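The values are calculated or read from the model by the stated rules, or taken from the named source; none is laboratory data. Here the structure is a predicted model, which means the values were calculated and not measured. Cβ atoms come from the backbone with ideal geometry, glycine included; neighbour counts cover every protein chain shown.
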Amino acid sequence: MKTIKKLIFTAVVLSALSACSEVKTEFAIAIHGGAGTILKTKMTDEVEAEYKAKLQEARDAGYLILKNGGTSQEAVVAAIQIMEASPLFNSGVGAVYTYEGEHELDASVMDGSNRQAGAVAGVKTVKSPIELAVAVMEKSEHVMLSGKGAEAFAVSQGMIPVDNKMFDTERRLKSLKRAKAKMQVSKNWSESEDFRFGTVGAVALDKNGNLFAGTSTGGMTAKRWGRVGDSPIIGAGTFADNKSCAVSATGHGEFFIRYNVASDICARVEYQHKSIIEAGDEVIHGVLLPVGGTGGVIIMDRNGNIHMPFNTSGMYRASKSSNGEESVAIFK
Ligand code: ASP
């Protein structure tokens, strides 16, 4: 009788253990395509489907890389490059216009395994700013390059310069006109989420347990005087450390810089032993919202858990984990 009980007990323990191993997240990816005033009532079914299809394509490209044993860096870059090439988002093609009617692109990456990072700000002739951010991380002794110097570095790395007009879209030109009209009548015009959203970003965990984060943007419509937002600032718009989490942000960059959003979330995880849900919600809803900072983040912890909090009406987002969970969403 005792032996039978022992056998049953062993069987129960074994099946519980195998159930646990089934839900373990070996690898995962989460992406965003910007946060802001994104209302279901203002979006046609076709446009919604178009966004969802592109998010899914970007997410799945990254996921496949992870599944095949690729690194989180490769997955993040692949997903972001698909969004940079799409006119739907404010990065690469589809980037917002500056006051002068050009596009100045910002991007950054961070490797959670060694805290290496690379960033570029205000580049006009680089087709894939995220690729250049990786080159800065890997091929230069610096973390951040800007403007003409960053463009010269891109050429030195074999990247062929492109005409700034390749990023043009009719839709963003209309936004510029609206922004300029608003500037005439309101000092606080830049607080409107309409003039910012569409930044893209990704975070991933690979089979080696390494986290990686990246963000790419055209910044803010009608920006002037070389304005740089949070997206290329390590710790503000992008952060990754295997000890805590990986974060990519989108929103009103000035707030994300001043509140050091990405690294604040990971610091809460590391030092206060908070979950990414607690840490992310505290910063996005508890810290940013009361001071007027709008936007959101995607967060992944070292176990591949994902949290995507935002305090706007919507955030383009998608995720997929090796434990079988997946999502594509836009609204609250
Ligand atoms: N954070 C970006 C910036 O301020 C804009 C955005 O995320 O939409 O440049």
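Being touching a strand residue (DSSP E or B) at 6+ places or on another chain (Cβ under 8 Å) and either surrounded by 15 or more Cβ atoms within 10 Å (Cβ to Cβ) or closer than 27 Å to ARG302 by Cα (or both): is that true of ASP168 here? It is false that ASP168 is touching a strand residue (DSSP E or B) at 6+ places or on another chain (Cβ under 8 Å) and either surrounded by 15 or more Cβ atoms within 10 Å (Cβ to Cβ) or closer than 27 Å to ARG302 by Cα (or both). Tell me, please, whether a residue that is assigned to a helix (DSSP H, G or I) and more than 30 Å from ASN208 (Cα to Cα) can be found in the range 265-283. No, there is no match, as no residue in the range 265-283 is assigned to a helix (DSSP H, G or I) and more than 30 Å from ASN208 (Cα to Cα).
Just so you know, in the range 236-255 the residues that are near the ligand (Cβ under 9 Å from one of its atoms) and in a loop (DSSP other than H, G, I, E, B) include one that is nearest to the chain's Cα centre (by Cα), and it is GLY237.
Okay, residues lined up against (1) surrounded by fewer than 24 Cβ atoms within 10 Å (Cβ to Cβ); (2) in a loop (DSSP other than H, G, I, E, B); (3) out of contact with any Cys (no Cβ under 6 Å at 6 or more places or on another chain):
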residue: ILE31; (1), (2), (3): no, no, yes
residue: ILE38; (1), (2), (3): yes, yes, yes
residue: GLU46; (1), (2), (3): yes, no, yes
residue: GLU50; (1), (2), (3): yes, no, yes
residue: GLU57; (1), (2), (3): yes, no, yes
residue: ALA61; (1), (2), (3): yes, no, yes
residue: ALA78; (1), (2), (3): yes, no, yes
residue: PHE89; (1), (2), (3): no, yes, yes
residue: GLY94; (1), (2), (3): yes, yes, yes
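With respect to the conditions (1) touching a strand residue (DSSP E or B) at 6+ places or on another chain (Cβ under 8 Å); (2) away from the ligand (no atom under 15 Å from the Cβ); (3) on the phi > 0 side of the Ramachandran plot, SER275 lacks only one, and its number is (3). When VAL328, VAL283 are screened for being touching a helix residue (DSSP H, G or I) at 6+ places or on another chain (Cβ under 7 Å), under 12 Å from ALA249 (Cα atoms) and not aromatic (Phe, Trp, Tyr), only VAL283 passes.
Suppose we keep only residues that are in contact with a strand residue (DSSP E or B) (Cβ under 7 Å, 6 or more places away or on another chain) and part of a helix (DSSP H, G or I) within the range 139-153. Which one would you say is surrounded by the fewest Cβ atoms within 10 Å (Cβ to Cβ)?
Only one residue fits best here, namely GLY147.
For the range 215-235, does any single residue satisfy the condition of being in a helix (DSSP H, G or I), in contact (Cβ under 8 Å) with a residue 60 or more places away in the chain, surrounded by 24 or more Cβ atoms within 10 Å (Cβ to Cβ) and within 16 Å of the ligand (Cβ to nearest atom)? Checked against the condition, which is being in a helix (DSSP H, G or I), in contact (Cβ under 8 Å) with a residue 60 or more places away in the chain, surrounded by 24 or more Cβ atoms within 10 Å (Cβ to Cβ) and within 16 Å of the ligand (Cβ to nearest atom), the range 215-235 yields no hits at all.
So is SER327 of a type in the set (Ser, Thr, Tyr), more than 13 Å from the ligand (Cβ to nearest atom) and out of contact with any Pro (no Cβ under 8 Å at 6 or more places or on another chain) or not?
For SER327, the condition - of a type in the set (Ser, Thr, Tyr), more than 13 Å from the ligand (Cβ to nearest atom) and out of contact with any Pro (no Cβ under 8 Å at 6 or more places or on another chain) - is met.
Residues in the range 88-131 that are among the hydroxyl-bearing types (Ser, Thr, Tyr) and under 22 Å from MET159 (Cα atoms): SER91, SER108, THR125, SER128.
Those residues that are free of Cβ contacts under 8 Å to residues at least 40 places away in the same chain and within 17 Å of SER231 (Cα to Cα), I need them from the range 143-166; list them, please. Steps first, please.
Residues of the range 143-166 that are free of Cβ contacts under 8 Å to residues at least 40 places away in the same chain, as a first pass: 145, 148-163, 165.
Correct list: LEU145, ALA150.
Whenever a residue of the range 279-298 is closer than 20 Å to ILE38 by Cβ, its partners that are in a helix (DSSP H, G or I) and among the acidic types (Asp, Glu), lying with C-beta atoms within less than 7 angstrom and at least six residues away or across chains, give the pairs THR294/GLU193.
Scanning the range 168-196 for residues that are touching a Gly at 6+ places or on another chain (Cβ under 8 Å), assigned to a helix (DSSP H, G or I) and at pLDDT below 90 returns GLU191, GLU193, ASP194.
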